[in-house]
Amino acid sequence: MSAKLRQTILFLALGAGLLILPHLLPFHYQDLLIFLTINVLVVCSYRLVTLTGEWSLIHAVMMGVGGYTAALLFKNFELSMWLTVPLAGSVAGLAAALLCFPLFRMTQFYFLIGSFAAGEAIRLLWIEFVHPFGGTGGLSGVEPPLVGSIDFIEPIPYFYLALSVVSFCVFILYRIEKSRIGLTLHAVHWKAPLAESVGVNTWNYRALAFIIGSFFVGIAGGLKVHYLGTITPNQFGIGFMVFILIWVIVGGYNTLYGPIIGVILLTVFDEFIRQFDEIRPAIYGTVLVLSILFLPKGLERIVAKIQIKFNGKTDEH
């Protein structure tokens, strides 16, 4: 059996499994499945930002920008979710474009700290301005769409909706990485002086990755708020940002599927340790340290070894 045929069978089996899965789960886990699906888009969009070598601490807040945009458009203008979600991504991308000018005057550690400070400033705006953002209580009453007899307030229809949107967005992110733009982003990361010597404007490409990543995480924010029905500043604090970092680092960030593996396995793992809530930070810290020590390239390394075993491919990483 050829490698291409095996991949096709694998994708078909995965698709069939995802279509059947919500019907096999109790209500609580159907909710979890929806949030997990949305978080897949969060980690994939964050990975695109990291392709240039810049790790930010503002990605969770950009998701909040998308979420608040969708909530405000729905509550104030009664716009349908079919409009609020793409507009949520657009506003998050626009906010990222404006932030590029102060943030990309810095690089590496200074960029990391600067992005954290900018994110906290945005969160404080949501808290301080009760009108229109609702203060610490946030906004509520955001509804999912109703199409004919299909009410997307039910978990299973909403899961299929979220799965469709996230799959399409992840495919776009995949195509971007495989395009000339994606190859240039890699060049900016690994050979920035060489790229500049042949006329590549590294500032522009760092900014482009940041804007595209923010656009897609803004869409994730819109999807989340339309399912939850509420949004508060605390949903997008540093705690959630740390989870994004752990998902990406433990899963690996050299491939698109690395962060997806990380977020899926750690979400399942989190369900097993939920009863140990007081020591969850210590458990996650241990997982992160063990991952860095024994799997510095993440869980994707294991997948790469399996591919080598079955396909005879050489390990490029």
Compute the semi-axes of the equivalent ellipsoid of the chain, taking the square root of 5 times each eigenvalue of the Cα gyration tensor, and list them largest first in whole Å. 29, 26, 20
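So with the 1.4 Å probe, I'd like the accessible area per residue for region 245-317, rounded to whole Å². Let's see the in-between values first.
Values: 4480 Å² over 73 residues.
It amounts to 61 Å² per residue over region 245-317.
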What percent of all Cα-Cα pairs in region 157-297 falls into each 5 Å bin, going from 0 up to the bin containing the maximum distance? 2, 8, 13, 17, 19, 17, 13, 7, 3, 1, 0, 0
Expressed as a whole-number percentage, the relative contact order of the chain with C-alpha contacts under 8 angstrom and at least six residues apart is 29
Considering the Cα trace of region 1-45, what is its radius of gyration and what is Dmax, both in angstroms? 13.7, 40
Tell me the Rg and the Dmax, in Å, that the Cα atoms of region 233-304 produce. 12.3, 39
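First select every other residue whose beta carbon is under 15 angstrom from the beta carbon of I181; then total the charges, Lys and Arg +1, Asp and Glu -1.
Charge balance near I181 sits at +4.
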For region 42-165, taking Cα atoms only, what is the radius of gyration to one decimal and the Dmax to the nearest whole Å? 16.4, 52
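Using a 1.4 Å probe and counting only protein heavy atoms, arrange V263, V130 so the residue with the most accessible area comes first. Before the final figure, lay out each step's value.
Details: V263 0, V130 100 Å².
Per-residue accessible area, sorted high to low, gives V130, V263.
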Accessible carbon and sulfur surface of the chain relative to its total accessible area, %, 1.4 Å: 70
The number of Lys pairs in the chain whose alpha carbons lie under 26 Å apart, excluding pairs fewer than 8 residues apart on one chain, is 17
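The values are calculated or read from the model by the stated rules, or taken from the named source; none is laboratory data. Just so you know, these numbers come straight off a predicted model, no measurement behind them. A quick note on method: Cβ atoms are made from the backbone with ideal geometry, for glycine too, and the neighbour counts reach across all protein chains shown. In case anyone asks, the SASA skips ligands and DNA or RNA and just uses the protein heavy atoms, side chains included. Shrake-Rupley method; radii C 1.70, N 1.55, O 1.52, S 1.80 Å.
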